[in-house]
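Visitor: Here it is: the structure, laid out below.
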Amino acid sequence: MKYTYDYPRPAVTADIIILKKIDTQQFVLLIERKHSPFAGMWALPGGFLNMDETLEVAALRELQEETNITGVALKQFHTFSKVNRDPRHRTITTVFIGNADSNTLAPTAGDDAAKAEWFALDKLPPLAFDHGEVMEMLKTKSEFTSL
């Protein structure tokens, strides 16, 4: 079904924070972007919502497509809606968060990810989009960093 409106509509994405703990150190899973914008930069896994899926389904799909990780329970963390967070167009994202089993999850890059790697929360590279702000917010919310 095609819709037309008098006013522009934003795009919607789901981004995913996957954390794992090794000993006392927390790690987050990032992907290296294969395409513009921000090609070559690190980012949270994520992507656009399809018209026939919920945000939760989109988050699980994008996680699997970009990192080959499945079976992680996700819960909503926060919605980010800054006007210029994506240089392509107006995009609103809901970020989901999950905890990984550090012994069994080995990500492999796929889809539009060139690489998928774990980074220590206290040693993150510069991040694409507003993902640096996302991670700063995460660090202030102890109920999430203690997963």
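The values are calculated or read from the model by the stated rules, or taken from the named source; none is laboratory data. Predicted model, so just to flag it, every value in this text is computed and none were measured. Don't worry about glycine lacking a Cβ; one is built from the backbone with ideal geometry, like all the others, and counts go over all protein chains shown. The area values use the complete protein model at the heavy-atom level, side chains included, leaving out ligands, DNA and RNA. Shrake-Rupley method; radii C 1.70, N 1.55, O 1.52, S 1.80 Å.
Visitor: Here's a check for you: in segment 13-25, which residue that is farther than 16 Å from Val134 by Cα and either in contact with a strand residue (DSSP E or B) (Cβ under 9 Å, 6 or more places away or on another chain) or not acidic (Asp, Glu) (or both) is surrounded by the most Cβ atoms within 10 Å (Cβ to Cβ)?
Guide: Lys20
Visitor: Right, something else. Being open to solvent by 30 Å² or more (accessible area, probe 1.4 Å) and of a type outside the set (Gly, Ala, Ser) narrows it down to one residue among Pro37, Pro8; which is it?
Guide: Unique residue meeting the criteria: Pro8.
Visitor: When you scan segment 90-104, do you find a residue that is open to solvent by 70 Å² or more (accessible area, probe 1.4 Å) and under 14 Å from Ile16 (Cβ atoms), even just one?
Guide: So far as segment 90-104 goes, yes, one or more of its residues are open to solvent by 70 Å² or more (accessible area, probe 1.4 Å) and under 14 Å from Ile16 (Cβ atoms).
Visitor: Output the number of the condition that Gln76 fails; it satisfies all remaining conditions of (1) surrounded by 14 or more Cβ atoms within 10 Å (Cβ to Cβ); (2) touching a Ser or Thr at 6+ places or on another chain (Cβ under 7 Å); (3) polar (S, T, N, Q).
Guide: (1)
Visitor: Based on what the data block shows, is Asn68 more than 16 Å from Asp130 (Cβ to Cβ), buried (at least 17 other Cβ atoms within 10 Å of the Cβ) and polar (S, T, N, Q)?
Guide: Considered against the rule, which asks whether it is more than 16 Å from Asp130 (Cβ to Cβ), buried (at least 17 other Cβ atoms within 10 Å of the Cβ) and polar (S, T, N, Q), Asn68 comes out as no.
Visitor: Select from segment 1-52 the residues that are acidic (Asp, Glu) and either in contact (Cβ under 8 Å) with a residue 12 or more places away in the chain or closer than 16 Å to Ile92 by Cβ (or both) and list them in ascending order.
Guide: Asp15, Glu32
Visitor: Next up: Quick check on my filter: what residues within segment 61-93 are part of a strand (DSSP E or B) and over 23 Å from Ala114 (Cα atoms)?
Guide: Selection gives Leu74, Lys75, Gln76, Phe77, His78, Thr79, Phe80, Ile92.
Visitor: Here's something else I'd like to know. Just to be sure before I move on: is Glu133 at pLDDT 85 or above and assigned to a helix (DSSP H, G or I) in the structure I sent?
Guide: Yes: the conditions hold for Glu133.
Visitor: Also, quick follow-up: Looking at (1) polar (S, T, N, Q); (2) within 14 Å of the chain's Cα centre (by Cα); (3) open to solvent by 40 Å² or more (accessible area, probe 1.4 Å), can you tell me which one Ser81 breaks?
Guide: (2)
Visitor: What's the total number of residues in segment 52-65 that are among the charged types (D, E, K, R) and exposed (fewer than 14 other Cβ atoms within 10 Å of the Cβ)?
Guide: Qualifying residue count, segment 52-65: 2.
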